[in-house]
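What follows is a single structure, written as structure tokens, with notes after it.
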Amino acid sequence: MGLLTGKTALITGAARGIGKAIALKFAEEGANIAFTDLVIDENGKATEAEIAAKGVKAKGFASNAADFAQTEEVVKQVKEEFGSIDILVNNAGITKDGLMLRMTEQQWDAVIAVNLKSAFNFIHACVPLMMRQRGGSIINMASVVGVHGNAGQANYAASKAGMIALAKSVGQEMGPKGIRANAIAPGFIDTAMTQALPEDIRKEWIGKIPLRRGGNVEDIANTAVYLASDMSSYVSGQVIQVDGGMNM
Ligand code: NAI
């Protein structure tokens, strides 16, 4: 029996990267997986097949997580097709970096909408069902920069700080209904997002990490399994930094 056998997880932005790694690890632990991404193209279909190959039910849904109405519709479909939603991982995220003086309104609005409003949309849509089920685990994907700030990422850092406060607030409101909410704050993780950085910047970041390596997506997925499962049944409102010791 896996740690998540019999549970259904809904993971946003999971066609690739950290979200996909979480989906695969949850599936290995026996969870059925519904995931979203902007489009479910060949890559999304391949992710769906990889998850299903673990012997669980898997389906990808095309939706823009920043869109309230689309989110309500997707959650309704997941409810109908999967029966329950026990775990919600708000993972979809983007960066549009720039120094404050040069940051445009569009850069600000897009990052807040995709990284933060999306989590409101999904929590708002899932919580009534979780309340009826008398339980659930919500995991918000934050970032170490949401705890410490980062020059050149005011929009992104603010959105991730918002994800932390959102998890704590929902944890307080929903605790009496058996719903836990926590945040994961990854440090420097090797994905498309960080591979796009210039080599000197990558080196500089890694030099600041006591474990002297970037994290891999499995490092984040393992923490997500802990927060999703009953292993953490008395843990709510926490932020777990998974960053190789970068910020102590
Ligand atoms: P990624 O760019 O590889 O994957 C993000 C996924 O989200 C993509 O599949 C993308 O299509 C999807 N997505 C983007 N906008 C969307 C929208 N509006 N609706 C639905 N899906 C959407 O990124 P990665 O690295 O896997 O990041 C996942 C999460 O982890 C993000 O929230 C990111 O901010 C966070 N994170 C990543 C770190 C890193 O070092 N890679 C560090 C700290 C946090």
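Every number here is computed from the coordinates shown, using simple stated rules; none is lab data. All of these numbers come straight from a predicted model, not from anything done at the bench. Because the Cβ atoms are built from the backbone with ideal geometry, glycine has one as well, and the counts that use them run over all protein chains shown.
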(request) Restricting things to alpha carbons, find the Rg to Rh ratio for segment 33-147 using the Kirkwood radius for Rh. (result) 1.01
(request) Past 29 Å, Cα to Cα, is the threshold; run 96/177; 45/208; 54/203; 57/160; 45/96 against it and keep the listed order. (result) 96/177; 45/208; 54/203; 57/160
(request) In whole angstrom, note down how far apart the Cα centers of segment 145-183 and segment 214-241 are. (result) 14 Å
(request) Could you tell me the distance between the Cα centroids of segment 42-80 and segment 97-128, to the nearest Å? (result) 21 Å
(message) Just to check I understand the Karplus step: with θ = phi - 60° and J = 6.51 cos²θ - 1.76 cosθ + 1.60, what whole-Hz values come out for segment 78-92, glycine and proline as x?
(response) 5, 4, 5, 7, 10, x, 8, 9, 9, 9, 10, 10, 8, 10, 3
(request) Starting from the Cα coordinates of the chain, work out the convex hull volume and express it per residue in Å³. (result) 122 Å³
(request) Identify all aspartates and glutamates with a Cα-Cα distance to residue 7 below 14 Å; exclude those on the same chain that are fewer than 8 residues away in sequence. (result) 28, 29, 81, 86, 230
(request) Would you pull out the residues with amide H under 5 Å of residue 138's amide H, same chain only if 5 or more places away, H placed 1.01 Å from N? (result) 88, 180, 181, 182
(request) May I ask for the net charge around residue 130, where only other residues with Cβ less than 14 Å from the Cβ of residue 130 are counted and Lys, Arg are +1 while Asp, Glu are -1? (result) +4
(message) Using helices alone, I'd like the mean residue ellipticity at 222 nm for the chain: each DSSP H run of four-plus residues gives -39500 (n - 2.57), total over residue count, nearest 500.
(response) -14000 deg cm²/dmol
(request) Place a +1 charge on the Cβ of each Lys and Arg in the chain and a -1 charge on the Cβ of each Asp and Glu, then give the dipole magnitude about the Cα centre in debye, rounded to the nearest 20. (result) 500 debye
